[in-house]
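The values are calculated or read from the model by the stated rules, or taken from the named source; none is laboratory data. The structure displayed is predicted, hence computed values, not measured ones. Methodologically, a virtual Cβ is constructed for each residue, glycine included, from the backbone with ideal geometry; neighbour enumeration extends over all protein chains shown.
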Amino acid sequence: MNLQNKLCVSIAQGKKEEIIDKAKKYPFIEFCLEKLDCTVEELAFLRKYISRVIISCNIKTNTYTATEKQTVLNRLLSYIECEPDIVDIPICLFDEKNQLNGLLDKINSKNKKILISYHKYDCFGTINEFDAVISKMKMYNPAYYKLAVKCKDVEEANIFLSLYKKYPELKDKLILVPMIKEYPISRLRSLALGSAFMYCCDDVPVADGQMSYDKMFTILKSINHE
């Protein structure tokens, strides 16, 4: 397992000067545009230090208003100019296909990869619900399918992770992120079961259950005897 390609560090705060050391330290970074206070030009400058970059813009709510959808779309359209490798598009934006076409055209013209994401922050939901989400994602044939779901206990996390077995055709494409503070090891289990990669943090978690890059790297290195 190439650990550097499997651990993506989420960065959601800091000015250019504060982020540059992190950019040099980690080969794979997610820039969380909904929180990050950097201009397109500043992120473009940082880009040259990083091997692999995701841009995302996810408002922490289960349902976006029309205004919020437009805000997310506009930020993704602007920041694609910093030349990310992967663009994370919330699945709800696909309900606004006419407005989304401009972003999709730009992604395709720049030969970038699409990650479609689904977040459920308040409660677990059902497997049928997750099946419907994956089915909708499949319509657009993205490079990656990300589902991040709040889990209240180990049982819910295990049920959620059983989706890897249910969708073997999505090996190395599906990313299941159990959001559970009390069971952060579930993110390591997700990697072991076939996640394309997994999100971690530098020092301050961006989401429930995030482990630090150093801790995840050390554990995975020990498991893989590297």
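When you look at Glu30, is it of a type in the set (Asp, Glu), out of contact with any helix residue (DSSP H, G or I) (no Cβ under 6 Å at 6 or more places or on another chain) and in contact (Cβ under 8 Å) with a residue 40 or more places away in the chain, yes or no?
Yes; evaluated as a whole, the condition is true for this residue.
Tally up the residues in the range 1-31 that are part of a helix (DSSP H, G or I) and under 24 Å from Thr71 (Cβ atoms), please.
Going through the range 1-31 one residue at a time, the tally reaches 2.
Name the single residue that is nearest to Lys146 (Cα to Cα) among those in the range 206-226 being surrounded by fewer than 18 Cβ atoms within 10 Å (Cβ to Cβ) and without any contact (Cβ under 8 Å) to a residue 40 or more places away in the chain.
Here the answer is Ser212.
Does the range 8-25 hold any residues that are crowded, with 21+ Cβ neighbours inside 10 Å and among the aliphatic types (A, V, I, L, M), and which are they?
Of everything in the range 8-25, those that are crowded, with 21+ Cβ neighbours inside 10 Å and among the aliphatic types (A, V, I, L, M) turn out to be Val9, Ile11, Ile19, Ala23.
Any idea which of Glu42, Glu81, Glu68, Glu34 is of a type in the set (Asp, Glu), assigned to a loop (DSSP other than H, G, I, E, B) and farther than 25 Å from Phe217 by Cα?
The unique qualifying residue is Glu34.
Hey, among the residues in the range 131-159 that are modelled with pLDDT of 95 or more and among the aromatic types (Phe, Trp, Tyr), which one's surrounded by the most Cβ atoms within 10 Å (Cβ to Cβ)?
Filtering the range 131-159 for residues that are modelled with pLDDT of 95 or more and among the aromatic types (Phe, Trp, Tyr), the one surrounded by the most Cβ atoms within 10 Å (Cβ to Cβ) comes out as Tyr145.
Testing Ser117 on (1) surrounded by fewer than 18 Cβ atoms within 10 Å (Cβ to Cβ); (2) in contact with a helix residue (DSSP H, G or I) (Cβ under 8 Å, 6 or more places away or on another chain), one condition comes back false. Which one is that?
Looking at each condition in turn, Ser117 falls short on (1).
Could you identify the single residue in Lys106, Lys173 that is closer than 30 Å to Phe45 by Cα, basic (Lys, Arg), surrounded by fewer than 16 Cβ atoms within 10 Å (Cβ to Cβ) and touching a residue at least 24 places away in the same chain (Cβ under 8 Å)? Reasoning before the result, please.
Values: Lys173 fails: surrounded by fewer than 16 Cβ atoms within 10 Å (Cβ to Cβ).
It is Lys106.
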